[in-house]
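Student: Before we start, here is the structure in question, set down as structure tokens.
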Amino acid sequence: MKKWMQLPRDVLVGHDVIYDIKYVCKDLKLGTDPVIVTGCNTRKIAGDIVCDLLNDCGQNALVVVSAEASMVEVEKVKKEALEHNSSYMIGVGSGKSIDVAKLAATQLDVPFMSVPTAASHDGIVSSRASIRCNGKTSSIEANAPMAVIADTAIISKAPYRLLAAGCGDIISNYTAVRDWELAYRLTNEPFSEYAAALSRMTAKILIDSADSIKPGLESSVRMVVKALVSSGVAMSIAGSSRPASGSEHMFSHALDMVSPHHALHGEQCGVGTIMMMYLHGGDWTKIKECLEVIGAPTTAEELGIEDRYILEALLVAHTIRPERYTILGTGLTPAAAEKVARITKVIS
Ligand SMILES: [Zn+2]
């Protein structure tokens, strides 16, 4: 079945908005007895607050701690939710808990709410869940959250590295849209002007205000969360992740495959964007400078990944999603891969 545009209905971004959760539940008529999927640490930061707030208004919330975003955890959460007779689910965490709750809720056909404790990638609003299965992480189609409650007081206390990674995920939109335009011209892939314009504008606003993104500031969190929501909306309009995921994301997924050490998704995508922008013939120095201003990694060394894995990832990136045409085409030659990585100073 072709999916129609699916958007979150209520989006709350601001100081202490977590305390409005009961009004959101009422507004959306979500029912009772939710399962709250959260992590070990994020439970203490926000999971227990959500649980207490809901129990105070007569709901019987059940907290399930999920250690990883895997199919095993999704099945565990589904079982708990069925036994608990839950009419909806809440994911409270930095990413993994949200992905598990998102997929479990989709499979049980119940609504889902996202309460991020960090803003490190667009999974907090998107309709895709990144789940590990048989040793491989795949991006699985799921329902978008009915509501997103992004409390800037909570998110500003998360390690700054996570917020900087979120910026990398947003800046990716630049090369993702270029890849999409290329696929539209070369392979006649369906293209949405609206989705592309929104995605590009989101990255531009962030780049233009890069120097105001700093650790510990709620205003910075607000800016990044709004940009992640915007990217999510662009993907919803397109009905695919095309506006926010192109060759730079394929490079990041390739790194996950070939390198024994990984950096954060958004950090890898940011470095990927520098190199893919070079391949597109665009202003890659601007991307690099902007990531430097934000304090996100721009080199293999800063990612903590050996140069040879960067080159290996560049060579296999085009095989990650062969149906998704990008600037990588049918693949780079080893000489071309080394050239792009050296010229952009990703490797030295
Ligand atoms: Zn991403």
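The values are calculated or read from the model by the stated rules, or taken from the named source; none is laboratory data. Predicted model, so just to flag it, every value in this text is computed and none were measured. For neighbour counting, all protein chains shown are included, and Cβ atoms are generated from backbone atoms with ideal geometry for every residue, glycine included. Please note that ligands, DNA and RNA were not included when accessible areas were found on the heavy atoms of the full protein model with its side chains. Shrake-Rupley method; radii C 1.70, N 1.55, O 1.52, S 1.80 Å.
Student: Can you work out which of the residues in segment 101-122 that are within 16 Å of the ligand (Cβ to nearest atom) and open to solvent by 10 Å² or more (accessible area, probe 1.4 Å) is modelled with the highest pLDDT?
Tutor: As a first pass, look at segment 101-122 and keep what is within 16 Å of the ligand (Cβ to nearest atom): 102, 114, 116, 118-122.
Now drop any that are not open to solvent by 10 Å² or more (accessible area, probe 1.4 Å), which leaves 120-122.
Numbers: 120: 95, 121: 92, 122: 90.
Checked segment 101-122; the qualifying residue modelled with the highest pLDDT is 120.
Student: Can you say whether residue 199 is within 13 Å of the ligand (Cβ to nearest atom) and either on the phi > 0 side of the Ramachandran plot or not in a strand (DSSP E or B) (or both), as far as the supplied structure shows? First the steps, then the outcome.
Tutor: Working: within 13 Å of the ligand (Cβ to nearest atom): yes; either on the phi > 0 side of the Ramachandran plot or not in a strand (DSSP E or B) (or both): yes.
Yes: the conditions hold for residue 199.
Student: Could you tell me whether residue 239 is surrounded by fewer than 23 Cβ atoms within 10 Å (Cβ to Cβ) and over 27 Å from residue 46 (Cβ atoms)? Write out each step before concluding.
Tutor: Details: surrounded by fewer than 23 Cβ atoms within 10 Å (Cβ to Cβ): yes; over 27 Å from residue 46 (Cβ atoms): yes.
Criteria met by residue 239.
Student: Let me ask another. Of 206, 255, which residue is touching a Phe, Trp or Tyr at 6+ places or on another chain (Cβ under 8 Å), modelled with pLDDT of 95 or more, within 15 Å of the ligand (Cβ to nearest atom) and under 19 Å from residue 165 (Cα atoms)? Full working, then the answer.
Tutor: Values: 206 fails: touching a Phe, Trp or Tyr at 6+ places or on another chain (Cβ under 8 Å).
That would be 255, the only listed residue that is touching a Phe, Trp or Tyr at 6+ places or on another chain (Cβ under 8 Å), modelled with pLDDT of 95 or more, within 15 Å of the ligand (Cβ to nearest atom) and under 19 Å from residue 165 (Cα atoms).
Yes or no, residue by residue, for (1) without any contact (Cβ under 8 Å) to a residue 40 or more places away in the chain; (2) surrounded by 16 or more Cβ atoms within 10 Å (Cβ to Cβ):
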| residue | (1), (2) |
| --- | --- |
| 49 | yes, yes |
| 58 | yes, no |
| 63 | yes, yes |
| 69 | no, yes |
| 88 | no, yes |
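Student: For residue 175, indicate whether it is in contact (Cβ under 8 Å) with a residue 60 or more places away in the chain and surrounded by fewer than 24 Cβ atoms within 10 Å (Cβ to Cβ).
Tutor: On the way: in contact (Cβ under 8 Å) with a residue 60 or more places away in the chain: yes; surrounded by fewer than 24 Cβ atoms within 10 Å (Cβ to Cβ): no.
Against the criterion (in contact (Cβ under 8 Å) with a residue 60 or more places away in the chain and surrounded by fewer than 24 Cβ atoms within 10 Å (Cβ to Cβ)), residue 175 does not qualify.
Student: A further question follows. Which numbered condition in (1) at pLDDT 95 or above; (2) open to solvent by 10 Å² or more (accessible area, probe 1.4 Å); (3) out of contact with any Gly (no Cβ under 7 Å at 6 or more places or on another chain) is the only one that residue 250 fails?
Tutor: Condition (2) is where residue 250 drops out.
Student: Oh, and also: For segment 203-219, enumerate the residues that are under 22 Å from residue 151 (Cβ atoms) and not β-branched (Val, Ile, Thr).
Tutor: 206, 209, 212, 214, 215, 216, 217, 218, 219
Student: Do you know which residues across segment 211-252 are in contact with a His (Cβ under 8 Å, 6 or more places away or on another chain) and away from the ligand (no atom under 16 Å from the Cβ)?
Tutor: 218
Student: Please work out which one of (1) open to solvent by 40 Å² or more (accessible area, probe 1.4 Å); (2) away from the ligand (no atom under 16 Å from the Cβ); (3) touching a residue at least 12 places away in the same chain (Cβ under 8 Å) is the condition residue 137 fails and give its number.
Tutor: Unmet condition: (2).
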